[in-house]
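> There's a structure below that I have some questions on.
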Amino acid sequence: MVAWAVSDPTLLKELLTDPRVSKDPRQHWPAWINGEITPEWPLFTWVAVTNMFTAYGADHRRLRKLVAPAFTARRTGALRPRIEELTSGLLDKLAAVPAGEVADLREEYCYPIPIQVICELFGVEDEGMRERFRTLVDSIFNTTADAAEVAATFEGVHTLLSELVALKRREPGDDMTSLLIAAREEDGSRLTEPELIDTLLLVISAGHETTVNLLDNAIHLLLTNPEQRALVREGRASWDDVIEEALRVESPVASLPLRYAVEDIRAGDVTIKKGDAILAAYAAAGRDPKAHGADADRFDLTRADKEHLAFGHGVHFCLGAPLARLEAQIALPALFERFPEMELGCAEDELRPVASFISNGHRGLPVRLGGAGNGAG
C-alpha cells in the first residue's frame with residue numbers, strides 16, 4: 001500500500017487543517033471501499049476503527065464533543081495529586097534497587113504512571129484487565145506484526161473492551177467509560193455501540209503510549225546530553241524547556257496513519273490525487289532544517305523555537321496533550337531530583353527502538369540510579 005509521507009512542517013500543517021483531507025476510509029479511500037484492506041493488513045486496526053480518529057466533518061465534531069469532558073483543564077488539574085502520589089510510590093520502589101544494579105526505567109517508571117492514570121480515568125480497575133490492555137496496545141503499535149497477530153489483536157481488543165462496557169453497564173461508576181455509556185443509552189444517535197467500543201480503544205491506547213514515549217525520550221536525552229542536563233540543574237533551562245524540546249526532537253508518535261485526499265490537492269510541487277493516502281510524518285517534521293536550522297536534529301534546551309507537531313494540529317489535535325504534559329511536568333523533575341547521579345546503564349548503541357514506525361521510543365531504558373539525593377538533577 002502506497003501513501004504520501006509529508007514531513008515538511010508548513011505543508012503538513014496546511015494539510016492537517018485542509019477540509020479536503022479526510023480521516024474516514026469508508027468515505028474517501030478507494031482501497032478500503034473496494035475491499036482491498038483486510039484484517040491481516042498490518043495497519044488494519046488503525047483504519048478499521050470507528051471513532052473520532054477516523055471520523056470526518058460533522059461525525060468528528062460529534063464524537064470529539066463526547067470525549068472532551070474527560071480532558072478539561074479542571075479534570076486534568078484535579079489529577080495532579082494522584083499523579084504525584086503514583087510518582088512518589090514508583091520512586092520509592094526504584095530507591096530499593098540495590099546499588100550498582102540496572103533498572104529499566106521504561107518498564108518501572110515511564111510506563112506505570114500514564115497507564116495507571118488513564119485506566120483510573122476510564123474505570124479500568126482490574127489488574128488483569130490492565131495487563132491485557134497493555135499486551136494488546138503494544139501489539140497495535142507493533143508495525144512488524146504478522147497477519148495472524150494483527151487479526152488476533154483486532155479481535156482481542158474488541159472482546160476486552162466489550163467486557164469493560166458490560167462491566168460498567170452492570171456497575172457504573174464516576175469514570176469516563178460510565179459517562180460514555182450513559183450518553184450512548186440516553187441517545188443512541190450520539191454514539192453507536194461500535195463507536196463506544198472504538199472510542200474507548202482510542203483514549204486508553206493513545207492516552208498512555210504517547211506519554212510513555214515522552215518520558216522515555218526525555219530521560220534518555222538528558223542522560224546522553226550532560227551539558228543540557230547541567231542547564232536544568234543550574235536553573236538556566238526549565239522542565240518545560242525539556243518537555244517541549246524532547247517532543248520536538250523525538251516525537252512520541254513518529255508517523256501517524258492515515259488521511260485521504262477528498263479531491264486532487266496541489267502540495268508543493270506535487271499533486272496528491274483524490275483518494276490517495278497520506279501519512280503524517282511528525283518526527284521528521286520536528287527535525288526539519290528549514291524550520292529549525294542545520295542542527296535541527298540536536299537536543300538543545302536553549303533553542304528559541306521549539307515548535308513541534310507531536311500532538312498533531314487542527315481539528316484532530318490531541319485532546320490529552322495537557323494531561324501528557326502534566327504527567328511529564330511531575331515525573332521528570334521528581335526522578336532527577338531523587339536520583340541526581342543517574343546514568344545510562346548500557347552503551348548508547350545497545351538501546352533498541354520499539355518495533356514500530358508509529359510509536360517512537362525504546363524497548364527498554366536501562367539506567368544505574370546512583371545514590372538518592374535532594375538536588376535538582
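The values are calculated or read from the model by the stated rules, or taken from the named source; none is laboratory data. If you're wondering where the values come from, they're calculated on a predicted model, not measured in any experiment. Glycine also receives a Cβ, built like all others from the backbone with ideal geometry; neighbour counts cover every protein chain displayed. In case anyone asks, the SASA skips ligands and DNA or RNA and just uses the protein heavy atoms, side chains included. Shrake-Rupley method; radii C 1.70, N 1.55, O 1.52, S 1.80 Å.
> Quick one: is V262 open to solvent by 30 Å² or more (accessible area, probe 1.4 Å) and aliphatic (A, V, I, L, M)? Explain how you work it out, then say what you get.
Details: open to solvent by 30 Å² or more (accessible area, probe 1.4 Å): yes; aliphatic (A, V, I, L, M): yes.
Spelling it out, V262 is indeed open to solvent by 30 Å² or more (accessible area, probe 1.4 Å) and aliphatic (A, V, I, L, M).
> What pairs come up if the first residue lies in the stretch 171-197 and is without any contact (Cβ under 8 Å) to a residue 40 or more places away in the chain, the second is among the basic types (K, R) and part of a loop (DSSP other than H, G, I, E, B), and their beta carbons are under 8 Å apart, counting only those six or more places apart or on different chains?
R184/R190
> Testing P194 on (1) within 21 Å of V137 (Cα to Cα); (2) of a type outside the set (V, I, T); (3) touching a helix residue (DSSP H, G or I) at 6+ places or on another chain (Cβ under 8 Å), one condition comes back false. Which one is that?
So P194 meets the others, but not (3).
> State which residue is farthest from E186 (Cα to Cα) when the search covers only the stretch 70-88 and only residues that are surrounded by 12 or more Cβ atoms within 10 Å (Cβ to Cβ), touching a helix residue (DSSP H, G or I) at 6+ places or on another chain (Cβ under 7 Å) and touching a residue at least 60 places away in the same chain (Cβ under 8 Å).
T87
> Another question, if that's okay. Consider the stretch 130-155. How many of its residues are under 19 Å from L86 (Cβ atoms) and open to solvent by 20 Å² or more (accessible area, probe 1.4 Å)?
Matching residues across the stretch 130-155 total 3.
> Filter the stretch 31-69 for residues that are small (G, A, S) and surrounded by 15 or more Cβ atoms within 10 Å (Cβ to Cβ); which is farthest from G188 (Cα to Cα)?
First pass over the stretch 31-69, keeping only residues small (G, A, S): 31, 35, 48, 55, 57-58, 68.
Narrowing the set further to residues that are surrounded by 15 or more Cβ atoms within 10 Å (Cβ to Cβ) leaves 31, 48, 55.
On the way: A31: 30, A48: 21, A55: 17 Å.
This residue is A31.
> Just for the stretch 89-117: of the residues that are in contact with a strand residue (DSSP E or B) (Cβ under 6 Å, 6 or more places away or on another chain) and of a type in the set (V, I, T), which one is least open to solvent (accessible area, probe 1.4 Å)?
Per the stated criteria, the residue is V97.
> Related question: Looking at this structure, is T144 modelled with pLDDT of 90 or more and not in a helix (DSSP H, G or I)? Even if it seems obvious, please write down each step before you answer.
Details: modelled with pLDDT of 90 or more: yes; not in a helix (DSSP H, G or I): yes.
Taking the combined requirement at face value, the residue satisfies it.
> Can I ask one more? Residues that are open to solvent by less than 10 Å² (accessible area, probe 1.4 Å): list the helices (runs of 4 or more DSSP H) wholly contained in the stretch 156-243 that include at least 3 such residues. Break it down stepwise before answering.
Working: elements: 176-186, 193-224, 226-233.
Correct list: 176-186, 193-224.
> Of (1) open to solvent by 30 Å² or more (accessible area, probe 1.4 Å); (2) more than 30 Å from I278 (Cβ to Cβ), M342 satisfies all except one. Which?
All conditions are met except number (1).
> In addition: When the residues of the stretch 244-257 are filtered to those that are open to solvent by 10 Å² or more (accessible area, probe 1.4 Å) and in contact with a Phe, Trp or Tyr (Cβ under 7 Å, 6 or more places away or on another chain), which remaining residue is farthest from M1 (Cα to Cα)?
Within the stretch 244-257, the first condition is being open to solvent by 10 Å² or more (accessible area, probe 1.4 Å), and the residues that meet it are 244, 250, 253-256.
Checking which are in contact with a Phe, Trp or Tyr (Cβ under 7 Å, 6 or more places away or on another chain) leaves us with 253-256.
Values: V253: 20, A254: 19, S255: 15, L256: 15 Å.
The selected residue is V253.
> Quickly run through the stretch 285-318 and pick out the residues that are among the aliphatic types (A, V, I, L, M), within 28 Å of A261 (Cα to Cα) and surrounded by fewer than 19 Cβ atoms within 10 Å (Cβ to Cβ).
Residues of the stretch 285-318 that are among the aliphatic types (A, V, I, L, M), as a first pass: 285, 291, 294, 296, 301, 304, 309-310, 315.
Remaining after also requiring within 28 Å of A261 (Cα to Cα): 285, 291, 309-310, 315.
Correct list: A291, V315.
> Restricting to the stretch 5-30, give me the number of residues that are surrounded by 19 or more Cβ atoms within 10 Å (Cβ to Cβ) and either modelled with pLDDT under 95 or of a type outside the set (D, E) (or both). Walk me through it before giving the result.
Of the stretch 5-30, the ones surrounded by 19 or more Cβ atoms within 10 Å (Cβ to Cβ) are 6, 9, 12, 15-16, 21-25, 28-29.
Remaining after also requiring either modelled with pLDDT under 95 or of a type outside the set (D, E) (or both): 6, 9, 12, 15-16, 21-23, 25, 28-29.
Total meeting the criteria: 11.
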